[in-house]
Amino acid sequence: MSVPLLKIGVVLSTMAMITNWMSQTLPSLVGLNTTKLTAATGGTLDRSTGVLPTNPEESFFFYSSAQDSEGRCICTVVAPQQTMCSRDARTKQLRQLLEKVQNMSQSIEVLDRRTQRDLQYVEKMENQMRGLESKFKQVEESHKQHLARQFKAIKAKMEELRPLIPVLEEYKADAKLVLQFKEEVQNLTSVLNELQEEIGAYDYEELQNRVSNLEERLRACMQKLACGKLTGISDPITIKTSGSRFGSWMTDPLAPEGENKVWYMDSYHNNRFVREYKSMADFMNTDNFTSHRLPHPWSGTGQVVYNGSIYFNKYQSHIIIRFDLKTETILKTRSLDYAGYNNMYHYAWGGHSDIDLMVDENGLWAVYATNQNAGNIVISKLDPNTLQSLQTWNTSYPKRSAGEAFIICGTLYVTNGYSGGTKVHYAYQTNASTYEYIDIPFQNKYSHISMLDYNPKDRALYAWNNGHQILYNVTLFHVIRSDEL
């Protein structure tokens with residue numbers, strides 16, 4: 001049993017790594033992070049010396065990827081010198097297309113190698129699991145009396161492993177999908193190379209459409225990795241120590257590109273001042289901020305900033321307010337029907353935390369409890385513009401027993417406490433209206449968590465832990481599903 005279990009661990013770890021590969025841009029997948037320029041013929045160019053290979057006009061040269069000061073990925077390509085038709089616009093367009101396809105080809109090549117490597121582990125593990133199942137049946141037929149207790153335990157373990165078989169089948173299908181992408185890029189590259197010799201023999205518009213179509217399909221494949229099941233939480237990263245024991249802080253997951261403002265709200269009641277820091281660096285290193293005065297004090301620590309507005313629970317009420325931070329005006333107010341408030345159905349730590357607003361990849365949510373659901377957690381999907389409840393789910397988990405909660409990809413995760421040893425041990429899937437008990441520990445470094453929220457843009461948990469502002473990275477388990485191509 002030890003060998004297949006070990007292999008399962010390796011595969012799950014490897015599949016978790018795919019999340020990191022695909023969540024970056026294509027150049028980042030390739031892993032081009034050196035400082036040298038590499039030629040198709042094997043030559044190199046050192047940036048510090050600027051020495052070119054002997055025949056730069058005969059080969060393509062690729063710089064590695066890099067990041068600018070705002071974190072955007074930059075890829076540089078040096079094309080071969082062309083003396084013939086160098087002023088021909090069609091030649092230039094063709095060369096640009098070829099460069100784009102070659103970059104994609106490199107990305108898919110690396111992805112294919114990694115996928116094939118993981119597939120070997122998958123196939124070995126699958127064979128071992130099926131072999132074990134056959135042996136267990138033999139043991140059951142011939143040794144029922146002598147090995148009843150031991151066999152029962154082994155059989156139970158086998159039942160735990162059985163659900164992995166369809167997952168492995170899907171993973172093998174994913175490997176075929178990557179191989180198909182690889183073949184298409186190779187075919188397209190071959191056509192482009194032939195066109196370099198006989199310019200004008202192909203319809204440029206059709207060629208552009210083929211490249212665009214392939215890019216779109218690759219993008220769609222990567223978008224399948226946008227969501228997944230939580231499998232791990234990293235050690236905490238302390239960003240800052242400030243404020244009282246309770247509070248909330250956040251960034252806007254729908255902020256414009258290049259904007260990274262931080263929003264800070266100290267305490268859980270009878271306060272209406274929100275701090276705005278221009279960047280995470282300002283928040284960490286300075287005390288320079290702009291103060292916004294809300295029209296009403298907030299209740300609890302369940303506020304969120306989403307698409308330029310702050311959403312909060314009005315103090316001592318079940319009213320939710322959407323407040324525009326730019327114009328400093330109320331855009332919408334709505335009552336959350338039947339929701340408990342004023343410490344009626346708070347989290348275990350108290351603090352008027354009856355209504356907890358959250359955002360994930362699917363939008364805006366409210367988590368609360370009602371008398372009608374016997375004080376158990378209720379989940380409502382909200383329209384971010386009108387605050388109208390679009391759909392509601394009643395769970396069987398008592399809200400007063402929950403330490404904190406957050407939503408990732410439509411699944412509500414609940415912690416078992418807020419102080420001491422803490423873990424995520426309950427998950428409710430809204431897409432299937434089902435729940436399960438899980439065991440995902442995470443470090444409660446400062447012994448009192450009063451706010452825990454997920455940011456889908458950063459793929460991180462923001463926490464307020466006893467006057468410390470904390471970040472946790474999360475690990476999500478993905479299975480790429482092969483839809484119709």
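General remarks:
- Taking N as the residue count of segment 337-485, its C-alpha radius of gyration divided by 2.2 N^0.38 Å amounts to 1.04.
- With K and R counted +1 and D and E -1, the other residues having a Cβ less than 12 Å from that of Val424 yield a net charge of -1.
- Computed from the C-beta positions of Gln372 and Glu436 and an R0 of 35 Å, the FRET efficiency is 0.90 to the nearest 0.05.
- Using only side-chain charges placed at the Cβ, +1 for Lys and Arg and -1 for Asp and Glu, the dipole size of segment 229-477 relative to its Cα centre rounds to 360 debye.
- Convex hull volume per residue for segment 229-477, taking Cα atoms only, in Å³: 109 Å³
- Net charge of the neighbourhood of Gly243, taken over other residues with C-beta under 14 Å away and scored Lys/Arg +1, Asp/Glu -1, is +1.
- Cross-link pairs Lys332/Lys445; Lys100/Lys326; Lys135/Lys182; Lys100/Lys176 - those with Cα-Cα distance over 30 Å: Lys332/Lys445; Lys100/Lys326; Lys135/Lys182
- Taken per residue, the accessible surface of segment 229-477 reaches 40 Å², heavy atoms only and a 1.4 Å probe.
- Proximal charge balance of Thr415 [Cβ under 13 Å; K/R count +1, D/E count -1]: -2
- Among Ser450, Val414, Met358 - extreme Cα towards positive end, dipole of segment 229-477, charges at beta-carbon: Ser450
The values are calculated or read from the model by the stated rules, or taken from the named source; none is laboratory data. What you see is a predicted model; the values in this text were computed from it and never measured. Note that we place each Cβ from the backbone using ideal geometry, even for glycine, and neighbour counts take in every protein chain shown. Surface accessibility is based on the protein's heavy atoms, side chains included, excluding ligands, DNA and RNA. Shrake-Rupley method; radii C 1.70, N 1.55, O 1.52, S 1.80 Å.
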